[in-house]
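Accompanying notes for the structure given below.
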Amino acid sequence: MTKIIIDTNIVFSALLNVNSRIGQIIINGNNYYEFYSPSYVRTEIFEHKERIKSIGKLSEDEFTELYALVLKNITILDYSIIPKEVYRKAELLCRGIDIDDTIFVAVSDFVKGVLWTGDLKLIKGLIGKGYFELIKTNELYRDFLAHEKLR
């Protein structure tokens, strides 16, 4: 089973529209993928909770329900389990691109998975530094649909 590390913007997208491609992959893809994200994703969600509720026109109860639905298939990893050398390697890769994405690259390396992100600057920057363990939504959705057809 492919290990997919989900960045915060992907989770935000799923919270805003569970019927989107992103939402459907996260909610229904657990038979084909193992999803991971660092605990930092929870912090970011709650920092932007009011904005997510506003954009999605969600009540508090609707937000809570969607939060549980979207995160139920994602294994949340505490950053403290990542070895320092793995984190340092990720930090070097993200330097000059977006240092805030270091934890996502570190988790990807730690679990030996691929990073699912829509951040084109990050994708381009990491590929430019020789890091290819990345997947875009369109690629993952094609793979998801192929799995669904075989089901």
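Any read-out appearing in this document is the output of simple, stated calculations on the displayed coordinates, not a laboratory observation. Given the structure is predicted, the values throughout are model-derived calculations rather than measurements. So basically every Cβ, Gly included, is an ideal-geometry build from the backbone, and we count neighbours across all protein chains shown.
Here are a few things to note about the model shown:
- Residue match in the stretch 120-132 (condition: assigned to a helix (DSSP H, G or I), under 12 Å from the mean Cα position of the chain (by Cα) and among the aliphatic types (A, V, I, L, M)): no
- Those residues of the stretch 125-145 which are under 15 Å from Val114 (Cα atoms) and among the basic types (Lys, Arg), in sequence order: Lys136
- Scan of the stretch 63-90 for residues that are farther than 22 Å from Asn30 by Cβ and either free of Cβ contacts under 8 Å to residues at least 12 places away in the same chain or exposed (fewer than 15 other Cβ atoms within 10 Å of the Cβ) (or both), ordered by number: Tyr79, Ser80, Pro83, Lys84, Glu85, Arg88
- Meets criteria (touching a helix residue (DSSP H, G or I) at 6+ places or on another chain (Cβ under 7 Å), without any contact (Cβ under 8 Å) to a residue 40 or more places away in the chain and small (Gly, Ala, Ser)) for Ser39: no
- Residue-level check: of (1) among the hydroxyl-bearing types (Ser, Thr, Tyr); (2) free of Cβ contacts under 8 Å to residues at least 40 places away in the same chain; (3) more than 24 Å from Leu122 (Cα to Cα), Ser20 misses just (3).
- Here is the figure for the stretch 9-18: residues that are in a helix (DSSP H, G or I) and either over 16 Å from Ile135 (Cβ atoms) or hydrophobic (A, V, I, L, M, F, W, C) (or both) total 6.
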